[in-house]
Amino acid sequence: MLEITENAARKLKKVMNEQNKENTFLRLYISNEKSGPKIRMMFDEVKNEDDILEEKHGISMITDNKVSAFFEKIIVDYRKSDQNGSFYIGQTRRRPCGDQCTECGSCGLVTS
């Protein structure tokens, strides 16, 4: 369910080292916004008992059941342009209501 590209893992390791966060997890979580739920990331020192842990390319990523219920797959990438770079989080959403899903919240997966 959780993926990270080698490029993103390299950049994250560098950032973690610079911030003295080498022994932390990369937490992926839902942020509710006007345009709908979005996946965000942050460093977290605590893994909760019910967290889902996946390790790829030397990065320990955690998320909770809410994220795994709403998204089938999450991919963290790092994209560099001519002047800067940024992390990109791609996701494939689950549609419990089928193709007609309006994300109205009636299925209980979308929160306000």
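Please work out which one of (1) free of Cβ contacts under 8 Å to residues at least 24 places away in the same chain; (2) open to solvent by 50 Å² or more (accessible area, probe 1.4 Å); (3) not hydrophobic (A, V, I, L, M, F, W, C) is the condition His57 fails and give its number.
It is condition (1) that His57 fails.
Give the number of residues within the stretch 1-43 that are in contact (Cβ under 8 Å) with a residue 24 or more places away in the chain and open to solvent by 80 Å² or more (accessible area, probe 1.4 Å).
The qualifying residues number 5.
Give me a count of the residues in the stretch 23-42 that are over 14 Å from Ala69 (Cα atoms) and more than 11 Å from the chain's Cα centre (by Cα).
Filtering the stretch 23-42 for residues over 14 Å from Ala69 (Cα atoms) gives 23-27, 31-36, 40-42.
After this cut, where a residue has to be more than 11 Å from the chain's Cα centre (by Cα) as well, the list is 23-25, 32-36.
Within the stretch 23-42, residues that are over 14 Å from Ala69 (Cα atoms) and more than 11 Å from the chain's Cα centre (by Cα) number 8.
Answer with yes or no whether Lys38 is out of contact with any Asp or Glu (no Cβ under 9 Å at 6 or more places or on another chain) and part of a helix (DSSP H, G or I). Talk me through it step by step, then tell me what you get.
On the way: out of contact with any Asp or Glu (no Cβ under 9 Å at 6 or more places or on another chain): yes; part of a helix (DSSP H, G or I): no.
Considered against the rule, which asks whether it is out of contact with any Asp or Glu (no Cβ under 9 Å at 6 or more places or on another chain) and part of a helix (DSSP H, G or I), Lys38 comes out as no.
What residue, of Val67, Val46, is free of Cβ contacts under 8 Å to residues at least 40 places away in the same chain, over 17 Å from Ala8 (Cα atoms) and part of a helix (DSSP H, G or I)?
Just a single option satisfies the conditions, and that option is Val67.
Restricting attention to the stretch 55-70, which residues are β-branched (Val, Ile, Thr) and in contact with a helix residue (DSSP H, G or I) (Cβ under 8 Å, 6 or more places away or on another chain)?
Taking the stretch 55-70 first, the residues β-branched (Val, Ile, Thr) are 59, 62-63, 67.
Within the stretch 55-70, just Ile59 meets the criteria.
The values are calculated or read from the model by the stated rules, or taken from the named source; none is laboratory data. Quick caveat: nothing in here was measured; it's all calculated off a predicted structure. A quick note on method: Cβ atoms are made from the backbone with ideal geometry, for glycine too, and the neighbour counts reach across all protein chains shown. Calculation scope for accessible area: heavy atoms of the full protein, side chains included, ligands and nucleic acids excluded. Shrake-Rupley method; radii C 1.70, N 1.55, O 1.52, S 1.80 Å.
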